[in-house]
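Read the structure below first, then the notes.
Rule-based calculations on the coordinates, nothing more; no lab input. Given the structure is predicted, the values throughout are model-derived calculations rather than measurements. Methodologically, a virtual Cβ is constructed for each residue, glycine included, from the backbone with ideal geometry; neighbour enumeration extends over all protein chains shown.
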Amino acid sequence: MNTEFIHALRDLEREKGIKIDILLEAIQQALISAYKKNFGSSQNVSVDINGDTGEIKVLAQRQVVEEPTDPRLEISLAEARKIDSRYEIGDVVETEVTPRDFGRIAAQTAKQVVVQRIREAERDLIYDEFISRENDIVTGIVQRQEGKNIILELGRAEAIFPPGEQIPGEVYRQGERLKAYVLEVRKTSKGPQIIVSRTHPGLVKRLFELEVPEIHEGIVEIKGVAREAGQRAKIAVHSHDEKVDPVGSCVGPKGSRVQAVVQELRGEKIDIIKWSDEPDVFVANSLSPAKVLDVSIDEENKVSQVIVPDNQLSLAIGKEGQNARLAARITGWKIDIKNETEAGDWDAWDDDFDFDEGVEEE
């Protein structure tokens, strides 16, 4: 190695952010291993690299003792004092043992270490970039399919799109651009592993944040999202400004904002409902587009009983109970629905649907 090599390391320090001291230390350790491997030495050795000239020296290390038992590892006090009169028992004497052709081995080893460290540094930079984007949206290009996994290209990194996070019925074609939600970023020996999703409720939330300035500015807040990916989603919104209609803000002029989200989700229907801290009002709103006549709340059991017009019952329940199921998830209440005609006798009504409880959170 020479001064040009040292200059190259300093350039790497500036460009990649890898400290030259860390590189030199890694090269030293690698050269010790290379020396022992190539020259079959069982000596204790150290490697000294001059940080200005790049000159390399291999130094054998022997401990000063009264009576040496292994001359490769120990040296007598008398012999040590011939080198330097200041040596005492227990000191370590270093003697240069640099092989004649060690320069070639050193150059090759240093190159391997530097390349490896550059790869590690780039992996760390990519990990740092994407770990900060967990629970956020990324735009990728469909690269290829590996088994049932789709691989998305995200510039300097690739993301894994597992089958469980793919929307049922969606077809992903090579080369197409796709927005996905970053579920998790894992650090592995082969670099960061980025897991993305198209089914997570957080995708809907982030898409609305991109499309609706009032959400980005904090005027309108998304209180919850419930979703059956590829079919229907409900989003509850609240305005912190009385003059701003949260539902209207999310719908946008002529429906442009909500349509942009629907288009990205390839036709998934979205109900935007107004959030309320009054459970009966929130439950009534959650059953949109159905109209609700009355809501009775059982606080203790977290059950709400809802009356709807006769002609709205099927709409309130939805296909295979989907509308009521999503309403239950977003409100956190079990919802029992009955039409106006049958409303006189709640106890006689047999609930045909087992609605989920709890809001799916981001």
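Compared with the dominant principal axis of the Cα atoms in the chain, helix 3-16 is inclined by about 10°. A convex hull fitted around the alpha carbon atoms of the range 122-188 yields 91 Å³ per residue. Modelled this way, with points 7 Å down the Cα-to-C-beta line, the labels at His7 and Gln143 are 3.6 nm from one another. Taking every alpha-carbon pair under 8 Å whose residues sit at least 6 apart, the range 146-282 reaches a relative contact order of 18 percent.
Counting every other Cβ atom within 10 Å of each residue's Cβ, Phe5, Phe39, Phe161 order from fewest to most as Phe39, Phe5, Phe161.
Which values of log₁₀ I(q)/I(0), to two decimal places, follow from the Debye formula for the chain at q = 0.08 Å⁻¹ with a uniform point scatterer at every Cα? One equal scatterer on each Cα of the chain leads to -0.63.
Within the same chain, aspartates and glutamates fewer than 8 places from Lys148 are excluded, and of the rest, those with a Cα less than 14 Å from its Cα are Glu165, Glu170. Ranking Ile137, Val93, Ile49 by Cα position along the charge dipole of the range 10-142, where only Lys, Arg, Asp and Glu carry charges on their C-beta atoms, puts Ile49 farthest toward the positive end. Against the main long axis of the alpha-carbon atoms of the chain, helix 102-131 sits at an angle near 20°. The 3J(HN,Hα) values that the Karplus relation (6.51, -1.76, 1.60; θ = phi - 60°) gives for the range 308-322 are, in residue order, 10, x, 3, 7, 10, 4, 5, 5, 5, 6, x, 5, 6, x, 5 Hz. Gly and Pro appear as x.
Taking every alpha-carbon pair under 8 Å whose residues sit at least 6 apart, the chain reaches a relative contact order of 9 percent. Put a plus charge on the Cβ of each Lys and Arg, a minus charge on the Cβ of each Asp and Glu, and nothing anywhere else: the dipole of the chain about its Cα centre is then about 2220 debye. Coordinate range of the alpha-carbon atoms in the range 228-302 per principal axis, descending: 41, 32, 20 Å. Computed from the Kirkwood radius of its Cα pairs, the Stokes-Einstein diffusion coefficient for the range 3-130 at 25 °C and 0.890 mPa s stands at 148 µm²/s.
On a straight-distance basis, which lysines could pair with Lys57 in a cross-link, Cα separation under 16 angstrom, same-chain partners fewer than 8 positions away excluded? By straight Cα distance, Lys57 reaches Lys36. May I ask you to list the aspartates and glutamates whose Cα is less than 16 Å away from that of Lys274, ignoring any residue fewer than eight positions away on the same chain? Excluding near neighbours in sequence, the set is Glu214, Glu221, Asp241, Glu242, Asp245.
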